[in-house]
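K.L.:
Questions regarding the structure given below will be posed in turn.
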Amino acid sequence: MTYPDFYSKITPIKLYDPLSDFLGAFQEGKLEISYLDCVKLAGHSCPTVAGAYLMAARGVAALYRDMLPQRGSIKVEMRDNESAGVTGVTGNILSFILGAGGAGGFKGIQGKFSRDDLLLYGVLIDADVRLTRLDTMQSVNLSYDPFLVKTDEQMKPLMGKSLMGLASPEEKNMFQTLWQNRVEEILLNTEDHTKLITITQD
């Protein structure tokens, strides 16, 4: 399996998963979720997937600080409806990382470890996303603006030619390179993260 080198440079999100601990899936329930894992889930690497990953990382860092974030114990609320724009994609990534299922999520074992009804859409909040720790009810609000990282002017026409099947192999490769270069800039230019992700605490 071959993929862009920068995927491996992105710091994975470390979590404690009590369900995995209980069932012996991971020793002591400790696991890491990488950007590559999220790309596999989504089927692609794009600014939306990158933004969801950054919001998850910054959100749990603010909620748990020096503690290991607890997967399955964080409620995810989205301002927009699931079918609006890229909201569903963002929700899927956050759900995967944080173990927050929707109505069809895991119902638990004898009243413990449930993960259903932790992902909600169309919530009246002043941000793209709100994450809430279920043990303390502390919340953080997050918004993401990928347009602060500009698109190379060559990318749009190259995308058009690629979609129509008119791009040469060189043009197709150039489009893919420019696309992933923008994603890399979003994820690895950490000085811009405070501009890309707006975070406030309730």
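K.L.:
Give segment 1-24 a look and list any residue that's open to solvent by 20 Å² or more (accessible area, probe 1.4 Å), touching a strand residue (DSSP E or B) at 6+ places or on another chain (Cβ under 8 Å) and outside any helix (DSSP H, G or I), or say none.
P.N.:
12, 14, 16
K.L.:
Let me ask something else. Filtering segment 25-54 down to residues that are in a loop (DSSP other than H, G, I, E, B) and in contact with a helix residue (DSSP H, G or I) (Cβ under 6 Å, 6 or more places away or on another chain), which residue is most open to solvent (accessible area, probe 1.4 Å)?
P.N.:
26
K.L.:
Then there is this: Let me spell it out: the conditions are (1) under 18 Å from the mean Cα position of the chain (by Cα); (2) surrounded by 17 or more Cβ atoms within 10 Å (Cβ to Cβ), and residue 178 meets all of them except one. Which number is the exception?
P.N.:
(1)
K.L.:
Then there is this: Return the pairs, sorted by first residue and then second, in which the second residue is basic (Lys, Arg), the first residue lies in segment 29-42 and is over 16 Å from residue 57 (Cα atoms), the beta carbons are less than 7 Å apart, and the residues are 6+ apart or on different chains.
P.N.:
Once the first residue is over 16 Å from residue 57 (Cα atoms) and sits in segment 29-42, no partner that is basic (Lys, Arg) comes close enough.
The values are calculated or read from the model by the stated rules, or taken from the named source; none is laboratory data. The structure displayed is predicted, hence computed values, not measured ones. In this analysis, Cβ positions are derived from the backbone assuming ideal geometry, glycine residues included, and neighbour counts consider all displayed protein chains. Ligands, DNA and RNA are stripped out before the accessible areas are found, and what is left, the full protein with its side chains, is counted by its heavy atoms. Shrake-Rupley method; radii C 1.70, N 1.55, O 1.52, S 1.80 Å.
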